[in-house]
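> Input: one structure, supplied below.
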Amino acid sequence: MRRFKLNKREIMDEILNDLAKFRDFATYKNPSVTFFGSARFDESSKYCKMAFSLAKELADGGFAVVSGGGPGVMEAANKGAYESGKSPSIGLNIVLPFEQVTNRYATSNFVFSNLSARKFALIERSRAFLVFPGGFGTLDELFEILVLAQIGAKKAKIFLIGSEFWGKLDDFIKTTLIHEKAVSEEDLSLYTISDDLNAVRDEILGILN
């Protein structure tokens, strides 16, 4: 657990090392799309199957597929790009005391020490985001990109895959956040909830045209 008891100098050194990894990652010329989602789903999960299919088709279309490099949805996305073989399959992993293990389908793997630096790398270069069901980490990543889109700091397509799962969050935003005027009606346009993988694929591939 020493990893979480670093002094200020050690933390700064980690961040600088992580930024150097981002520079290496940023040398890829392909436009990229980032997949977010739970590390806890196994490959038989419908969400992993959807992530695999979508990643493979986007890689076929020229997009580098980026994930957090771990298991679950992340592994499924990297596997799709790996089996396509036409675009990079990139994993941006993180040092954790539990859960996170690098998947074997990320042919380019960068292991970060700092969560904030890793999240910056996952977001900065991508032209679109595919957010599958997940836990606190996935929600953190989703709200980060929504805030960046809301303030105009990031222009990208944000797709929430799985209407049964994300519909509950959408209801909360509409019935509570908008009702309390914490966000505006216009903010609903920042994201699209969909189960139609073909439509999502076509819209993302359209970015290249």
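The values are calculated or read from the model by the stated rules, or taken from the named source; none is laboratory data. Keep in mind that this is a model prediction, so the values were computed, not measured. Glycine gets a Cβ as well: all are built from the backbone with ideal geometry, and neighbour counts include every protein chain shown.
> Among the candidates 146, 160, 139, which residue alone is over 13 Å from residue 65 (Cα atoms), modelled with pLDDT of 95 or more and assigned to a strand (DSSP E or B)? Break it down into steps so the answer makes sense when it comes.
Details: 146 fails: assigned to a strand (DSSP E or B); 139 fails: assigned to a strand (DSSP E or B).
Exactly one residue qualifies, and that residue is 160.
> Inside region 167-200, can you point out the residues that are in a helix (DSSP H, G or I) and either small (Gly, Ala, Ser) or in contact with a Ser or Thr (Cβ under 9 Å, 6 or more places away or on another chain) (or both)? Show your work before the answer.
Here is the first cut: in region 167-200, the residues in a helix (DSSP H, G or I) are 167-177, 185-190, 197-200.
Within region 167-200, 167, 170, 189, 197, 199, 200 meet the criteria.
> Moving on to the next point. Looking at 198, 209 in this structure, which one is out of contact with any Gly (no Cβ under 8 Å at 6 or more places or on another chain), polar (S, T, N, Q) and at pLDDT below 95? Even if it seems obvious, please write down each step before you answer.
Working: 198 fails: at pLDDT below 95.
It is 209.
> Take region 67-111 and flag every residue that is among the aromatic types (Phe, Trp, Tyr) and within 15 Å of the chain's Cα centre (by Cα).
110
> Would you pick out the residues in region 51-107 that are in a loop (DSSP other than H, G, I, E, B), of a type in the set (Phe, Trp, Tyr), surrounded by fewer than 24 Cβ atoms within 10 Å (Cβ to Cβ) and in contact (Cβ under 8 Å) with a residue 24 or more places away in the chain? Step through it out loud before you land on a result.
Filtering region 51-107 for residues in a loop (DSSP other than H, G, I, E, B) gives 61-63, 68-72, 85-88, 95-107.
Applying the additional criterion that residues be of a type in the set (Phe, Trp, Tyr) yields 63, 98, 105.
Adding the requirement that they be surrounded by fewer than 24 Cβ atoms within 10 Å (Cβ to Cβ) leaves 98, 105.
Once the filter is applied, which keeps residues that are in a loop (DSSP other than H, G, I, E, B), of a type in the set (Phe, Trp, Tyr), surrounded by fewer than 24 Cβ atoms within 10 Å (Cβ to Cβ) and in contact (Cβ under 8 Å) with a residue 24 or more places away in the chain, region 51-107 yields only 105.
> Restricting attention to region 84-94, and to residues there that are in contact with a Lys or Arg (Cβ under 6 Å, 6 or more places away or on another chain) and not hydroxyl-bearing (Ser, Thr, Tyr), which single residue is modelled with the highest pLDDT?
As a first pass, look at region 84-94 and keep what is in contact with a Lys or Arg (Cβ under 6 Å, 6 or more places away or on another chain): 84, 92, 94.
Among the residues that remain, those that are also not hydroxyl-bearing (Ser, Thr, Tyr) are: 92, 94.
Details: 92: 94, 94: 87.
Filtering region 84-94 for residues that are in contact with a Lys or Arg (Cβ under 6 Å, 6 or more places away or on another chain) and not hydroxyl-bearing (Ser, Thr, Tyr), the one modelled with the highest pLDDT comes out as 92.
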